[in-house]
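Working notes, structure below.
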Amino acid sequence: MKAYRMTKWQAPPEFCDIDIPEPGPGEVLVKVGGAGVCHSDLHVMEYPEGALPYPLPFTLGHENAGWVEKVGAGVRDVTAGEPVAVYAVWGCGRCAACLVGADNYCEKAPLFSGGGLGFNGGMASHMIVPSARFLVPLNGLDPREAAPLTDAGLTTYHAVKRSLSVLTPGSTAVVIGVGGLGQMAVQILKALSPARIIAVDVSTEKLAAAKTLGADEVVVSDDRATASIQELTHGRGAELVLDVVGSDATLQLALSVSRRLGHLTLVGIAGGQASFNYLSVPTELSLASTFYGSIPELTEVLTLAQAGKIKTQSELYPLDQAALVYKRLHEGKIQGRAVITPNG
Ligand code: NAD
Ligand code: ZN
Ligand code: ZN
């Protein structure tokens, strides 16, 4: 099969011909229906050797859904042809975090690893999933729709859910960066909370999309953004700010529109920094980074999609256009979420 792979650090990925793998004991071979194209892959392509604990080569694509094709020895209760979402963080399965399905906090597995991140992912016709524990039934969702829910959906769901206690009626949530993840965040905020939602982006097209997905207000991310958001919140700032970019500029903006006792949650991995000292931030502001969500949370995200409360804004592309799609993502030209469909 053809696979789009990281073969060298700080070099463009390559198309390679590799064998369709056989599932070993406990493993499942999944025929890929959709593999979402996440901005994190652009960061992975830029990191120098040694920054991430991944051996090369590996196939990209960490947002996957498809159909069970074949199971290895000892795998029970999974049948060929079953449509499944692939949970993306492959933990040890035995530590206290993994035992409750929170492999995103696994105490033993290498940082941020799973299919498409250190292990072979979904930018190929097939991928091996090391345990049926990582497969969640789709219950009627199309794998091409479901694939981005495993990361863009799950990550933002987790980030919103941990702050629901501050999102009371009359509260405000600001989402900075309404691309693949941010557009899911807006819909999830709308589905789960009464907060007024302010979407912020540099792109007016993305802001228009955010508005149709439920944003109450939209603000262009420029040097007037702080003043606009302060005005919209009567000088109080927002109870929740999700920074889904994470650059110096967006972190600064996030701090400047956060509210006393609010939450500022960093989702984006652009590597920016901001100063944090006693007088520079609102009193008792909680700052956190987040990483994915748990397997139970993935079932909750899929349930929201099955109920029609959230919908992936997907653009479908064949596998041979993967390089072009990453280029378009880098240029900010993907309007929602690009999804590679290796099997058509
Ligand atoms: P994307 O490219 O689809 O969207 C990014 C959006 O940010 C775009 O709409 C872009 O116009 C906007 N943007 C860029 N600069 C901006 C600025 N200065 N102000 C406001 N908006 C700006 O990317 P994505 O796939 O949604 O990923 C977003 C970030 O989230 C990436 O850094 C990615 O690595 C990260 N991510 C984190 C996790 C996690 O678990 N923490 C998971 C997945 C992705
Ligand atoms: Zn991702
Ligand atoms: Zn573990």
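Quick note: the coordinates plus some simple rules give every number you see, no bench work behind them. Predicted, not measured: the structure shown is a model, and the values here were computed from it. Don't worry about glycine lacking a Cβ; one is built from the backbone with ideal geometry, like all the others, and counts go over all protein chains shown.
When the GluC sites (Glu not before Pro) in the range 234-305 are filtered for DSSP coil states and for at most 13 other beta-carbon atoms within 10 Å of their beta-carbon, the remaining sites are Glu284. Considering only the other residues whose Cβ falls under 13 Å of the Cβ of Leu253, what net charge follows from Lys and Arg at +1 and Asp and Glu at -1? In short, -4. Amide H contacts of Ser258: Ala238, each under 5 Å away and 5 or more positions distant or on a separate chain (H built 1.01 Å from N in the peptide plane; Pro and chain starts excluded). Across the range 107-119, rounded Karplus estimates of 3J(HN,Hα) from the backbone phi angles (6.51 cos²θ - 1.76 cosθ + 1.60, θ = phi - 60°) give 7, 10, 5, x, 3, 6, 10, x, x, x, 10, x, 10 Hz, Gly and Pro being marked x. So what is the relative contact order of the chain, in percent, for Cα pairs below 8 Å that sit 6 or more residues apart? Over the chain, the number comes to 19 percent. Neighbours of Ala305, meaning other residues whose beta-carbon lies under 15 angstrom from its beta-carbon, give a summed charge of -1 when Lys and Arg score +1 and Asp and Glu score -1.
With helices as the sole contributors, the chain gives -7000 deg cm²/dmol at 222 nm; each DSSP H run of n ≥ 4 counts as -39500 (n - 2.57), and the sum is divided by every residue. Once backbone amide H atoms are built at 1.01 Å from N, Ile310 has Ala305 as its partners under 5 Å, excluding neighbours fewer than 5 places away on the same chain.
Between the C-alpha center of the range 258-303 and that of the range 30-91 there is a gap of 26 Å. With θ taken as phi - 60° and the Karplus curve 6.51 cos²θ - 1.76 cosθ + 1.60 applied, the whole-hertz 3J(HN,Hα) list for the range 329-334 is 5, 4, 7, x, 9, 8 Hz, x standing for glycine and proline. Among the trypsin sites (Lys or Arg not before Pro) in the range 96-202, those located in a DSSP loop and surrounded by at most 12 other Cβ atoms within 10 Å of their own Cβ are Lys108. Taking Lys and Arg as +1 and Asp and Glu as -1, the other residues whose beta-carbon sits under 12 Å from that of Ala3 total -2.
Using only the alpha-carbon atoms, how far is helix 152-161 inclined from the longest principal axis of the chain? Give it as 0 to 90 degrees, nearest 10. Roughly 50 degrees between the two axes. Axis angle, to the nearest 10 degrees, between helix 180-192 and the longest C-alpha principal axis of the chain: 70 degrees.
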